[in-house]
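Bear in mind these aren't lab numbers, they're just calculated from the coordinates by the rules spelled out. No experiment lies behind these values; they were computed from the predicted model shown. Neighbour counts are summed over all protein chains in view; Cβ atoms, including those assigned to glycine, are modelled from backbone coordinates with ideal geometry.
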Amino acid sequence: MLPSRNICKWSWRIILCAFLTVLFALFGSSAYAEVIRQFDIDVTLNPNCSLDVIETIKMDFESSRRHGIFRIIPIGYSRYGGNYTLDFHLLNITDENNRSLNYRNDPMLGSDVNIKIGDPNKRITGEHTYRIHYLVRRAVNFFNGAPEVYWNATGNDWPFGIEKADVRFYPPTGVSINNIKTASYVGPIGSTTPGEISKSDSYIEFKANNLKAGSGLTIVAGLPVGCVSKTPLWQEIVWFLFDWWGLLVIPLITCAWILPILLPRVTNPDGNQAIAPEWSPPKDLSPAEAGTLVDESCDMRDIVSTLVDLAARGYLQIKEIKAQNFLFFSDKDYEFIRTSSSRANDILSPHEQKFLQALFGFGTSKSSVKLSDLRDNFYTHIPDIRQAIYQSLTDKKLFVENPETVRASYSGWAIVIWAVGVLLMYFTRMLNIMPIMGGVFISGLIVFIAAQYMPARTRAGWKERAECLGFQRFVRLAEKDRIAVLAKEDPTIFGRLLPYAMVLGAADQWAEAFHGLLTEPPSWYVPYGYGTASYNFSSRNFVNDLGHGMNTMGHTFASMPASSAGSGGSGFSGGFSGGGFGGGGGGSW
């Protein structure tokens with residue numbers, strides 16, 4: 001794919017030419033007398049893939065009093081949806097006698113070189129010759145390894161005519177002229193009118209006569225594979241980074257903003273001290289709160305653990321029953337039977353109250369409910385339960401702010417960044433801003449990812465998190481004798497602490513620690529077939545069955561009805577005047 005000049009850039013040049021034309025019309029007919037008598041261009045393709053270009057412009061100001069000319073040479077293009085900038089080096093500017101001329105080189109809009117030649121303190125008339133010598137890299141295209149020079153030699157943005165244009169193309173040494181494919185296009189931008197081409201022993205000559213204002217001569221030369229060496233990879237990388245600076249710089253600026261905010265929030269103020277085993281989790285945290293505090297996220301495992309914890313505390317009984325239909329690939333259904341806790345001074349927290357109300361209904365006397373009956377219904381209560389868990393941890397001063405609110409706030413910033421990018425694309429859609437757009441998108445992604453880690457624990461929160469992980473460590477390292485002593489002192493310890501082990505990912509180790517110590521399931525859980533001669537209880541099988549049950553419950557609680565779910569080409573094919581690299585134009589001043 002060849003680079004093409006951006007529509008917007010052409011637009012302002014056309015407007016400039018029109019403005020100059022009107023200006024010349026207003027200030028006298030002598031403006032129309034200005035003409036380029038001869039425009040000679042020598043283009044040499046070097047073995048290192050650079051182009052050595054010498055433009056010799058014989059300008060006739062006639063009776064117009066001017067300081068000199070200016071030459072606009074484009075170096076910024078759109079390619080592969082992004083910026084592509086030529087490596088341009090101006091070597092010298094002389095007259096026909098090889099004497100240096102005064103000039104000033106001013107960039108225009110960051111995509112063109114504007115060379116202003118002449119003495120501001122001196123006016124001239126008649127014929128004058130300007131010889132502009134420059135070197136260009138990145139101006140050669142490759143098609144299946146074969147190099148191609150597609151060069152808009154004169155440019156199409158001159159406000160006056162060109163009587164004769166003559167381009168001589170010199171291939172690298174050793175390349176036969178007869179092995180070069182050629183084409184040329186004459187006229188305004190988009191013209192496919194062919195120009196005159198002739199060949200000599202050492203160069204190919206392209207000619208055009210009587211080019212009107214806004215017309216130019218474009219040449220194409222396709223050379224054999226291997227006649228030039230490609231640019232080294234490291235240099236291409238440097239150029240790529242220069243062209244796509246927005247893809248790198250904007251995300252770096254975003255990181256410089258977000259990291260100083262993020263790092264203190266994910267760092268323990270007391271340092272990463274070794275975690276000592278704790279035989280019990282923090283007494284002021286429910287299993288759901290403990291699981292949420294550890295990873296700052298209230299997921300379905302944490303919410304379902306509330307069911308097991310309430311059952312262990314005597315608020316309900318869980319009974320396995322045979323499912324009438326498969327329930328998320330399980331042949332078991334579950335019946336939840338309301339009971340009254342016999343624990344003294346046991347106060348339900350807001351998220352536990354909401355869970356029980358969602359389970360049995362608000363203000364009803366329903367004494368039992370099946371899990372299958374909650375399918376496509378329970379999900380509406382999950383946001384309130386989750387919010388209550390976050391708020392409880394915040395009220396206990398374990399989080400600086402509500403984690404959900406913090407995440408939503410920074411996720412909102414990510415959306416704002418993306419929205420700015422979309423608006424930028426919409427209002428500047430005629431400009432090539434793909435690198436900037438890419439940088440904006442990556443920046444929004446950085447902020448969105450960082451938002452998930454923005455909730456900040458307080459010092460007390462970090463301490464209680466360490467206690468939770470200490471219990472996890474105790475479960476994984478617990479010795480059989482120690483567990484036996486604990487079970488003897490508190491027969492309910494297995495079921496009471498099981499939901500904590502579940503949210504901390506240590507349920508299997510907890511079951512293994514009690515293997516052989518338990519002969520029947522906790523009173524709050526009735527397995528399918530319990531009491532029959534075929535039923536054989538073990539803590540391993542019990543926890544395994546309960547784990548499958550929690551997975552089924554999690555999917556069922558979160559399930560919702562389906563209706564509620566959210567929702568430039570080669571110069572030899574399609575070439576034209578004004579295409580390829582080079583181009584631009586100029587005028588007098």
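A few comments on the model shown:
- Ranking P522, T394, Q509 by Cα position along the charge dipole of segment 392-545, where only Lys, Arg, Asp and Glu carry charges on their C-beta atoms, puts T394 farthest toward the positive end.
- Label-to-label distance, T193 versus N178, with points set 7 angstrom from Cα along the beta-carbon direction: 3.3 nm.
- Residue order, fewest to most surrounding Cβ atoms within 10 angstrom, among C49, C298, C255: C255, C49, C298
- Those aspartates and glutamates that a straight Cα-Cα span of less than 14 Å connects to K332, excepting residues fewer than 8 apart in one chain: E320, D373, D545
- Rough spin-label spacing in nm, given labels placed 7 Å along Cα→Cβ, for T94 and D270: 8.0 nm
- Straight-line cross-link partners of K397 among the lysines, defined as a Cα under 16 Å from its Cα and at least 8 positions apart when in the same chain: K283, K463.
- Prolate/oblate/rounded call for segment 189-241, Cα gyration tensor, a/c under 1.5 rounded: oblate
- Rounded to the nearest 20, the Cβ-based charge dipole of segment 336-400 about its Cα centre (Lys and Arg +1, Asp and Glu -1) stands at 100 debye.
- In Å, descending, principal axis extents of the Cα set of segment 141-215: 39, 27, 17
- Whether segment 117-272 is rounded, prolate or oblate, judged on the alpha carbon gyration tensor where a/c under 1.5 counts as rounded: prolate
- Near K116, once Lys and Arg are set to +1 and Asp and Glu to -1 for all other residues with Cβ below 10 Å from its Cβ, the sum equals +1.
- Here T552, T56, T306, T492 are placed in order of increasing Cβ neighbour count within 10 Å, fewest first, which gives T492, T56, T552, T306.
- Here each label is just a point 7 Å from Cα along the line to Cβ, and for N209 and L423 those points are 5.8 nm apart.
- Nearest-20 debye value, segment 156-256 charge dipole, Cβ charges on Lys, Arg, Asp, Glu: 160 debye
- Residues D508, D157, D201, ranked from the fewest to the most other C-beta atoms within 10 Å, line up as D201, D508, D157.
- Applying the Karplus relation 6.51 cos²θ - 1.76 cosθ + 1.60 with θ = phi - 60° to segment 159-173 yields 3J(HN,Hα) values of x, 9, x, 10, 5, 9, 10, 9, 10, 10, 9, 10, x, x, 4 Hz, where x marks Gly and Pro.
- With a Förster radius of 22 Å applied to the beta-carbon distance between V249 and L445, the computed FRET efficiency rounds to 0.90.
- Karplus (6.51, -1.76, 1.60) ³J(HN,Hα), θ = phi - 60°, over segment 140-153, in Hz, Gly and Pro reported as x: 10, 9, 10, 10, 6, x, 8, x, 9, 9, 10, 10, 7, 5
- Here N105 and W257 are evaluated by their C-beta separation; at R0 = 25 Å the FRET efficiency comes out at 0.10.
- For segment 362-425: rounded, prolate or oblate by the Cα gyration tensor [a/c cutoff 1.5]: oblate
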